[in-house]
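One structure below.
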Amino acid sequence: MSQPSAKSQLTRNERYRIGGTEYRALDMLARLVPMYYLGFIIIFGFLFRIYVASSSYAREVLDTSNANTGPVNYWFFSFFISLSAFTNLGLNHLDDSMSPFQNAPAPLILCIILILVGNTAFAILLRFIIWVCYILTPEHKVMRRETFRYLLDHPRRCYTTLFPATQTWWLLIVLVAITLVELICFLALNYWLPVLEGISWGSRFLDGLFQSVATRNAGFSVVNLADLNPGAQLVYIVAMYISVYPVAISMRNSNIYQVRLEKKN
């Protein structure tokens, strides 16, 4: 390191030392974010396939639900719905969306997780993963701990949708609050309607939670939305309209360059 060297002659460790903490933080994010995306899609794709393999009801649904197009390939369905839920696309191979799984908790829970971690809860979970990595990194690996600490202390210098602790907690609270309001309206306003007739209370709760998350972000449906109470439909419309605001406000409030500009003025 005492002799001038071309960049191509430097080892990875030497480039890390020369580049500084911010360089290492950006390099870490360049690996962490693709792993986050691919990891969730692939892992949950296999989880969907395991569910289909272990459930005779799921196989019957895939074999008989589409009268015009015929049976749905199990592997294709599993990975397509994983990708669709994570990217909030809202499409799958079944004509009735997720309605055949009204009383099947496994696919609904998997979809809820994917819809959230791929959209509204992305910043929350990414910061949590970085915090866990910081906690679990041994103390003798000074540069790696310093890298994770830098990401936690200066998130917006490195990534647009990585927020400081205050904005992340605020985003989590708002996300939970909106979902709870939608869930309560779904259960209360549709209690006597035929749309929930024959569905147990456990399934009603999970269906309401799924519909609250999916309607606001992805577009899946586990019940016919046209049959819901008009009040519940209005709540969903408002929730869809404001769905982007929590992330946008967190992004705005954590904009370090905007803060600098306001201080100058």
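Bear in mind that the values in this text are calculations on the coordinates, not laboratory data. Remember, it's a predicted structure, so these values are computed and weren't measured experimentally. Using ideal geometry, Cβ is built from the backbone for each residue, glycine included, and neighbour counts are taken over all protein chains shown.
Take the Cβ atoms of residue 91 and residue 22, set R0 to 51 Å, and the FRET efficiency comes out at 0.80.
Within the shell of other residues whose beta carbon sits under 12 angstrom from the beta carbon of residue 214, the net charge comes to -1, with Lys and Arg scored +1 and Asp and Glu -1. Distance distribution P(r), segment 158-224, all Cα-Cα pairs, bin width 10 angstrom from 0: 19, 41, 24, 12, 4, 0 percent. On full extension, the segment bounded by residue 154 and residue 192 gains 8.6 nm, given 0.36 nm per residue less the C-alpha separation.
The stretch between residue 66 and residue 184, if pulled fully straight at 0.36 nm per residue, gains 39.2 nm over its current Cα-Cα span. With a Förster radius of 22 Å applied to the C-beta separation of residue 173 and residue 245, the computed FRET efficiency comes to 0.95.
Rg of the Cα atoms in segment 112-178, relative to 2.2 N^0.38 Å, amounts to 1.19. Can you compute the FRET efficiency between residue 49 and residue 142 using 1/(1 + (r/R0)^6), with r the Cβ-Cβ distance and R0 = 30 Å? Round to the nearest 0.05. That gives a FRET efficiency of 0.10. Over the C-alpha atoms of segment 85-143, the Rg to Rh ratio, Rh being the Kirkwood estimate, stands at 1.23. Counted over segment 142-265 with a bin width of 10 Å, the fraction of Cα pairs per bin, in whole percents, is 12, 33, 23, 17, 12, 4, 0. Between the entries (i) 1.28; (ii) 1.47; (iii) 1.24, the label attached to Cα Rg over 2.2 N^0.38 Å calculated for this structure is (iii). Compactness ratio for segment 33-122: Cα radius of gyration over 2.2 N^0.38 Å (N = residue count) comes to 1.04. So if I take the centroid of the Cα atoms in segment 70-92 and the same for segment 172-248, what is the distance between those two points in Å? That distance is 22 Å.
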